[in-house]
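Bear in mind these aren't lab numbers, they're just calculated from the coordinates by the rules spelled out. None of these values were measured; they are calculated from a predicted model. Counting neighbours? That spans all protein chains shown, and the Cβs are built from the backbone with ideal geometry, glycine included.
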């Protein structure tokens, strides 16, 4: 039995579609309709950092939710999901302690080095730079008269070891100087150490915004054009999770191989021509993904995923890649995993270009086939593969391709649950189909109301057990799943946490009589709609009194139930009509508020904050509710 899993084509389409969206689609629409309403110049403090956004408290007391576009992105995502091409010019600086440098981080400095590769003197100034833009190597200002003579050199190299008064760097083999790769230097006690970066990912809460030039659009979005930031002490040298793997193999060559060789790890083995450094990074990413899948499903595969990862087809000898269909996918800059089963024997064979996202997606198919015997129905197979590609160890927030998120936010009408969860194998479809499958699988696996059903369902479907289906597992909670799915699609964005937004179905509510009794609740800032415990009656008047403070950002100022600038952090309410599984219009509350219920139902409360920014909130309000006599 053979089943090709060809998600790489759709993933390749996502890569190619993003420039089209910006130039000819969503951004063209934005260009025709979005206008600049205000030019903003400000300074202040970064209160919170999210994917593609900063919350800045200006020196004038304003709170700005600032969107920005990195150089490697094709557009900045507006609140309504549109992509707008407006690259932000970013400069991030700040000092750091030299002993806190991590192996693999790239420094630039001046030093004396002889033609024999010996070093002399002390280094007096170090600059930490972005590795992605750094030209590694040792560049002498002039050729020394003899091999023993020392000459001033500019060194751009990854750190191997850093301590007080001493620094060791290592350049890749193909950048060796005087046939040496490792160099040790003395560092002056008063040496300066500065960060020079254009990467907004280095910005952390508490950083000082030296200058911000931005525009406010008629959509209400604030988009940065120029941003200069000074990091908090030591912030610039802190190693981000996504940097660790890149830094780990910084000393290896980036040159692709002139002939393919086998690269292997515990779960994978491929014939490939990618560079030594890229091979290590790919295998580490795949092993990390395999570890996440093993821990999630509690099962290990019964063999390895094999195949081919190709940088340049021309270096592969004739006949080295036996399947024409696989070669065709590689020519498309895509990939496919051919899964074969004969009795108890299983085999998964990858054909892929060198795109890491394509490789991970296809290898997720291979992993599931080698573990369970199949990848299950198409909606599950592609949804799990997309999740595996986006998963990051220890991270629960949504972080997907901006084009995918823009599509999900703006698509109308939204696809229904049963439209997505179709039984059996169906055509793989387009990248839009993959987006819906990811959305459903992410919700079911990340929301604590449904995750205990999703894992057994996925395993049963991949093991092809008879009588098991999406409807049989989620049918008993169909109304709840449908409601939360709609809420998820209405609120999702990069940074969204399905676990924090889960609906409290098990909460209990009770009605109150005029002037008699009261209901109390503690409402957390770090959460979505939370149960008040009060069942309201249409037309009745109630009073809400809230005490305490909460914060909407790690470095934010605490506010009361009245909220801060623009209503951010205000206590909000909504009535859930539990008979129809529908929400009334939400309404503002405060420290002391009277309101009239617009429908019979359950009262829910929450902190007014962007759904994608709940994770760094803290604090809670104590809310007391009573019914006022007519």
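What number, rounded to the nearest 500 deg cm²/dmol, is the helix-based mean residue ellipticity at 222 nm of the chain, given -39500 (n - 2.57) per DSSP H run of at least four residues and division by all its residues?
-7500 deg cm²/dmol
Percentage of Cα-Cα pair distances in region 210-369 greater than 20 Å, rounded to whole percent?
Here the long-distance tail beyond 20 Å is 60 percent of all Cα pairs in region 210-369.
So in region 95-197, what percent of DSSP beta bridges are antiparallel if you round to the nearest 5?
80 percent
Fully extended, how many nm does the chain gain between residue 549 and residue 345 (0.36 nm per residue separation, minus their Cα-Cα distance)?
Residue separation times 0.36 nm, minus the Cα-Cα distance, leaves 67.4 nm.
Let me make sure I get this right: for the chain, a, b and c are the square roots of the gyration tensor eigenvalues over alpha carbons, sorted descending. Under 1.5 in a/c it's rounded, otherwise prolate if a/b > b/c, else oblate. Which is it?
Since a/c reaches 1.5 but b/c is at least a/b, the shape of the chain is classed as oblate.
Please compute the Kirkwood hydrodynamic radius of region 519-628 from all pairs of different C-alpha atoms, in Å with one decimal.
Roughly 13.8 Å, rounded to one decimal.
Which distance in Å, rounded to a whole number, links the C-alpha centroids of region 491-545 and region 449-484?
Cα centroid of region 491-545 versus Cα centroid of region 449-484: 28 Å apart.
According to the square roots a ≥ b ≥ c of the eigenvalues of the Cα gyration tensor, what is the shape class of region 276-403, taking rounded for a/c under 1.5, prolate for a/b larger than b/c otherwise, and oblate for the remainder?
oblate
Extent of region 448-488 along each principal axis, from alpha carbon coordinates, in Å, largest to smallest?
31, 16, 13
Mind checking the full-extension length gain between residue 594 and residue 71? Use 0.36 nm per residue of separation minus the Cα-Cα distance, one decimal, nm.
The residue 594-residue 71 span can extend by a further 183.4 nm.
Hey, could you get me the Stokes-Einstein D for region 156-294, Kirkwood radius over alpha-carbon pairs, 20 °C and 1.002 mPa s, rounded to whole µm² s⁻¹?
Stokes-Einstein gives a translational diffusion coefficient of 113 µm²/s.
Among 323-330, 77-84, 355-362, how do they line up from the highest to the lowest mean number of other beta-carbon atoms within 10 Å?
Ranking, from highest mean packing down: 355-362, 77-84, 323-330.
What does DSSP give for the chain in terms of the percent of beta bridges that are antiparallel, rounded to the nearest 5?
Counting only bridges with both partners in the chain, antiparallel ones make up about 80 percent.
With a/c under 1.5 counting as rounded, go ahead and sort region 95-197 into rounded, prolate or oblate using the C-alpha gyration tensor (a ≥ b ≥ c being the square roots of the eigenvalues; past the cut-off, prolate if a/b is larger than b/c, else oblate).
It is prolate, given that a/c is not under 1.5 and a/b is the larger ratio.
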